[in-house]
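To start, the structure under review is shown below, and the notes come after it.
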Amino acid sequence: MNESLPPNEDHSRAYVSGDKNFDLQVSGGLNFRLDQGFTFLVYFFAAVTVTILIVMTLVIFKEAQPAVLQFGLGFLWDQDWDTGNQLFGALPYIYGTLVSSAIAILLTVPVGISVALVTSEDFLPLPVRNTIAFVVELIAAIPSVIIGLWGIFVFIPVIQPLQKGISSLLQFIPLFNTQDPAGNNMLTAGIILSIMILPTMAAISRDVLMVVPRELRTASMALGGTRWETIFRVLLPAGFSGMVSAAMLALGRALGETMAVTMVIGNSTQISLSLLDPAYTIPAVIANEFAEAEPGLHIGALSYLGLVLFVLTLAVNIAAVLLVQWVGKKNS
Amino acid sequence: MNSGTDESFARELLDPLPPNRLLFSYLMNGLSFILSLLAFLPLGSILWEIISRGSSSLKLEMFYLPLIDNGFANAILGTLLMVSIATLLSVPVGVITGIFLAEFAKNSQINKLVRFLTSILTGVPSIVVGMFAYGVVVLTTKEFSALAGGFALSVIMLPVITLTTEEALKLVPVHQRLASAALGGTKLQTTFRIVVKSAIPGITTGVSLAIARAAGETAPLIFTALFSQNWSDGLISPTASLPVLIFNLYNSPDPKINQLVWTTSIILLSLVLFFSLLSRFLGRKSKLR
């Protein structure tokens, strides 16, 4: 039967066009119109989502324009912030943002990896491990303003005597050179931040460790490695890049975190090497001053700060996302 | 075959670990457990302090009196209002962008680009989103308003909804789509009657996750919705919200106000935890199916 058909021809099409009743192409009518409208809508909304990021950059740049024109790039290393004399410099805020986030990352990485190990290794029965992972992730759900409230009224009274002890014992080290620290300071902000970014670090590291191929672990065990030798020589190196990107996502969160830091960092524009001195961050100064700022140079300077923060987090996040994609490609 | 070597092999296998390796194991066990316990302390302490400090002055009248009469009803209403506006704005756009990613641009370069930009949007600091909403809504309407606050929250919710919707739609088996197409279903019919319908639990998970995130946000509301001591006059006027109430009043020297701040924290935390647990519960249920 096949031989009777001419070769090199699309048989199904010949069949359909031969019989008008079998026209399967929908090319008119209500359903067709609806479908076209729907397709248009889908592309339109996807375009909206994509352009938000670009529009956001433009809008904030426009708000910042007076300050950008006035101060140029010198804004980044100027230290004055005097609203009365219309003098604005970003350095204290950039310094505070970077240092508090650095403290947070240094504290969070070991704790986050410990939680990830305890919940991904078989130390404990599975339901217990899942509960631990769940409870740690719950920290991410707590609004940051509540963590700030807890920081001021509960955490600072506990940590302040400790900080006083550190400062009286280790005053010869510049990092702790503060007479009688007040509790509201860079170190406190860093610790509070580390609590807030812990869920990100722990959850992603756990996912990374869980997908390390089973063969790697069994091979190490078969060679006589103990659990911790396996962890240090096999699991952690295998998951290294994944954990670096977890730390970077956590860093991105720490840089942009506003409320809790604003409430505990002490809000001082003096740059000080001592971690026990009050400091200030970019999000904190925006939160404190934006609502009451004068239109013009003050709003402009705050928006300029916002732009700096935006670029900073964008760089960290893009690096993290690219790293995750690169790792995913390497694994598959 | 030398039986002596065999025996020494057997002995070596049965031997306990050398002391240094044993010590290392115990030390690391201890260290990792101590560090993990450390992770629990803050959460336990936060929950305990909020409940113990806030519950004593929780009164029923607080739920219908505004702040000037020592209640927080106007802030509850403001938060619910702004979260509703944000949900109304972000759910259609987010779900449809998710549909775009999973149904229209699957495995293409455009998919990668949109996904990339969406995940970058997730990482934008919330205070920057607030400045964006200020520039778009507050400068246009010349008034701090619930609308501006809702708009800011919707930008925060949008990427969360988009990404979870895509994940949910990807879980729907391809043959269901093919079956629908084979029966003459158009793209629109297949998408809504087959794919979205079976992905509803997953999409709801994403939406409630996004609501949990938005309801607790303070930074984008401080200079978009501002605050108000009394009931708000409408959508285009300053509106109170629970998080901003806490931020504005935590420093108050008045012990009564201070008490109110802790009580407000209970309400805010319950609201956020409710949506967060709801999303987890729905997520688990949709995975089981």
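The values are calculated or read from the model by the stated rules, or taken from the named source; none is laboratory data. From a predicted model like this one, the values you see are computed outputs, not experimental measurements. Because the Cβ atoms are built from the backbone with ideal geometry, glycine has one as well, and the counts that use them run over all protein chains shown.
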### Task
Considering each of B:Glu49, B:Glu103 in turn, give the residue that is over 30 Å from A:Pro295 (Cβ atoms), part of a helix (DSSP H, G or I) and assigned by TED's automatic domain parsing to the domain that holds B:Glu217.
B:Glu103
#### Entry: Odd one out for B:Phe24, checked against (1) among the aromatic types (Phe, Trp, Tyr); (2) over 25 Å from the mean Cα position of the chain (by Cα); (3) away from every other protein chain (no Cβ under 14 Å)
(3)
### Query
Out of all the residues in segment B:94-103, is one or more within 11 Å of chain A (Cβ to nearest Cβ) and either more than 29 Å from B:Ser198 (Cα to Cα) or hydroxyl-bearing (Ser, Thr, Tyr) (or both)?
yes
### Task
For segment A:165-184, state whether one or more residues are on the phi > 0 side of the Ramachandran plot and either outside the structural domain of A:Asp277 (by TED's automatic domain parsing) or surrounded by fewer than 19 Cβ atoms within 10 Å (Cβ to Cβ) (or both).
yes
### Task
Within segment B:104-113, work out how many residues are within 8 Å of chain A (Cβ to nearest Cβ) and touching a Leu at 6+ places or on another chain (Cβ under 6 Å).
0
### Query
If A:Thr49 passes every condition in (1) more than 9 Å from chain B (Cβ to nearest Cβ); (2) at pLDDT below 90; (3) crowded, with 18+ Cβ neighbours inside 10 Å but one, which one does it miss?
(1)
### Summary
Given (1) assigned to a helix (DSSP H, G or I); (2) free of Cβ contacts under 8 Å to residues at least 12 places away in the same chain, A:Ser303 misses just (2)
### Query
What is the number of the single condition among (1) under 30 Å from B:Ile266 (Cα atoms); (2) more than 9 Å from chain B (Cβ to nearest Cβ); (3) of a type in the set (Val, Ile, Thr) that A:Ile173 does not meet?
(1)
### Message
The conditions are (1) surrounded by 11 or more Cβ atoms within 10 Å (Cβ to Cβ); (2) under 30 Å from A:Leu149 (Cα atoms); (3) more than 7 Å from chain A (Cβ to nearest Cβ), and B:Ser52 fails exactly one of them. Which is it?
### Response
(1)
### Only listed residue being over 25 Å from B:Ala75 (Cα atoms), in the same structural domain as B:Pro243 (by TED's automatic domain parsing), outside any helix (DSSP H, G or I) and not aliphatic (A, V, I, L, M), chosen from B:Gly184, B:Gly202
B:Gly184
### Task
List the number of the failed condition for A:Phe44; all other conditions in (1) more than 9 Å from chain B (Cβ to nearest Cβ); (2) part of a helix (DSSP H, G or I) hold.
(1)
### Task
State yes or no: is B:Leu67 within 14 Å of another protein chain (Cβ to nearest Cβ), surrounded by 11 or more Cβ atoms within 10 Å (Cβ to Cβ) and either closer than 30 Å to A:Val109 by Cα or out of contact with any strand residue (DSSP E or B) (no Cβ under 9 Å at 6 or more places or on another chain) (or both)?
no
